[in-house]
Amino acid sequence: MKKSLAALLAASVSLCFGQAGVAADEKPAIKVGALFSVTGPSSFLGGPEARISQMLVDEINSKGGVSGHKIELVIKDTLGEPEKAISFAKQLIEEEQVFAIIGPSTTGESLKIKKLCQDNKTILISCAAAEAIVEPLLPYVFKTPQKDSYAARKIFMRLKEMGLTKVGIVSDNTGFGAGGKDQLEKYAPEFGMTIVGNEVYDKGDTDLTAVATKIKASGAQAVVNWSVVPAQSIVMKNFRQVGFKGPLFQSH
C-alpha cells in the first residue's frame, strides 16, 4: 500500500508540476483530496490509507515538495458511505479545487463518484479493487489494486490443479462482492468449472449458517467467498460448523 500511494502521490502531481527538490517557500501548494473510510465498518481500510497518505505527503514536503510546490492533503472521512463520498467529492472539486482525489476506500463509493471526477476532469485514483471502477476505460479514472478478473482466474487455476470442478460461490451485496461474483461467473467455463451453488448475503450478516448449508447441499467441492471483513471470518467459521470439508478461497 505504501508503495502504491507513494507512486500515485508523486507521479500524478509531477505530471503537471515536474520533479521534487526545489525550494517550496514561494510557490502555492498543490491540493490533493482524499476520500477514506477513516471510521465506520471499512475503517480497517480507510484508517491505514489516511495515515500512510499523510505520512507520504509529509515526506515529500520535507524534501521540498514537487517542483517547489508543497502538497496540501485534504482528507474527508466518508464512513464508507457512497452518499457521503459523493458529497465530499463535490466539495473537494468545487470548493477545494483539488488537483486529484485519492480513494475512496471501497468499490461502492468509487463507482458513485467516478463519473463526477471524469466529467470535471479531476484525476481519481481509487483504492478499491472492483474491475468496474476502470471499465470502461476513462482518461481520469484509475485504481491501485489488482483486477477482480486476475484474482478470479488465479483461483480457478489453482482449483484446476487440485482436480476440483464443482464450485460454490458466496458473495456479499456490496459493489465489491457483485463485481467479484460477475468475474467468477464469467471465467468459470474457461477453466472447466461448474458453479453448482451461488448465494448472495447481506454485508451486515453475522450468521451465514443458512448460506453454508445451501452450498454444502449443492455438492460443491470448493467454495469461493467474495467479500470484505467481517464476513470473511464468519464464512470460514460457519462452513466448518456445517461440516463442509473442501477448500475455501477468499477474495483479494
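Where a number appears in this text, it was derived from the coordinates with a stated rule and is not lab data. Nothing here was measured: the structure is a model prediction, and the numbers come from that model. Because the Cβ atoms are built from the backbone with ideal geometry, glycine has one as well, and the counts that use them run over all protein chains shown.
Take the alpha carbon gyration tensor of the range 166-213, find the square roots of its eigenvalues, order them as a ≥ b ≥ c, and report rounded if a/c is under 1.5; if not, report prolate when a/b exceeds b/c, else oblate. Let's see the in-between values first.
Details: a/c = 4.57, a/b = 1.51, b/c = 3.03.
Since a/c reaches 1.5 but b/c is at least a/b, the shape of the range 166-213 is classed as oblate.
Pull up the DSSP beta bridges for the chain and report the antiparallel fraction as a percent, rounded to 5.
Details: 2 of 33 bridges.
In the chain, DSSP labels about 5 percent of beta bridges as antiparallel.
For the range 60-114 and the range 160-227, what is the centre-to-centre distance using only Cα atoms, to the nearest Å?
Computed from Cα coordinates, the inter-centre distance equals 34 Å.
With +1 on the Cβ of every Lys and Arg and -1 on the Cβ of every Asp and Glu, and nothing else charged, how large is the dipole of the range 175-222 about its Cα centre, in debye rounded to the nearest 20?
The calculation lands at about 100 debye.
Taking 8 Å as the Cα distance limit and 6 or more residues as the minimum spacing, I'd like the relative contact order of the chain as a percentage. Each step should come with its number before you reach the end.
On the way: 499 pairs, mean separation 34.9, N = 252.
That works out to 14 percent.
Please report ARG158, ARG153 as a ranked list, fewest other C-beta atoms within 10 angstrom at the top and most at the bottom. Show your work: numbers first, answer last.
On the way: ARG158 14, ARG153 17.
Lowest count first: ARG158, ARG153.
Can you give me the relative contact order of the range 148-250 as a percent, contacts being Cα pairs under 8 Å and 6 or more apart? Could the numbers behind the result be given before it?
On the way: 169 pairs, mean separation 32.7, N = 103.
Once divided by the residue count of the range 148-250, the mean separation gives 32 percent.
Just to compare against my own numbers: the Cα pair-distance distribution for the range 125-222, 5 Å bins, whole % per bin, please.
In whole percents, the pair-distance histogram is 2, 13, 20, 20, 19, 14, 7, 3, 1, 0.
Report, to two decimal places, the Cα Rg of the chain normalised by 2.2 N^0.38 Å (N = number of residues).
Values: Rg = 20.6 Å, N = 252, 2.2 N^0.38 = 18.0 Å.
Expressed relative to 2.2 N^0.38 Å, the Cα Rg reads 1.15.
Stokes-Einstein D for the range 53-134 at 4 °C, 1.567 mPa s, Kirkwood Rh over Cα pairs, in µm²/s? Let's see the in-between values first.
Details: Rh = 13.3 Å.
Approximately 97 µm²/s, per Stokes-Einstein.
By count of other Cβ within 10 Å, fewest leading, how are ASP119, ASP172 ordered?
On the way: ASP119 11, ASP172 25.
Ranking ASP119, ASP172 by Cβ neighbours within 10 Å, fewest first, gives ASP119, ASP172.
Which loop GluC sites (Glu not before Pro) in the range 67-103, with loop taken from DSSP, have no more than 13 other Cβ atoms within 10 angstrom of their Cβ? Before the final figure, lay out each step's value.
Values: sites: GLU72, GLU83, GLU94, GLU95, GLU96; in loops: GLU95, GLU96.
Within the range 67-103, the qualifying GluC sites (Glu not before Pro) (loop, at most 13 other Cβ atoms within 10 Å) are GLU95.
Quote the charge dipole size of the chain about the Cα centre in Debye, to the nearest 20; the model charges only the Cβ of Lys and Arg (+1) and of Asp and Glu (-1). Provide the component values of the computation, followed by the final result.
On the way: 29 positive and 26 negative charges, 177 e Å.
Roughly 860 debye, rounded to the nearest 20.
Determine the sum of side-chain charges near VAL141: Lys and Arg each +1, Asp and Glu each -1, restricted to other residues whose C-beta is under 15 angstrom from that of VAL141.
Values: positive: LYS112, LYS114, LYS115, LYS121, LYS143, LYS147; negative: GLU109, ASP119, GLU131, GLU135.
So the surrounding residues net to +2.
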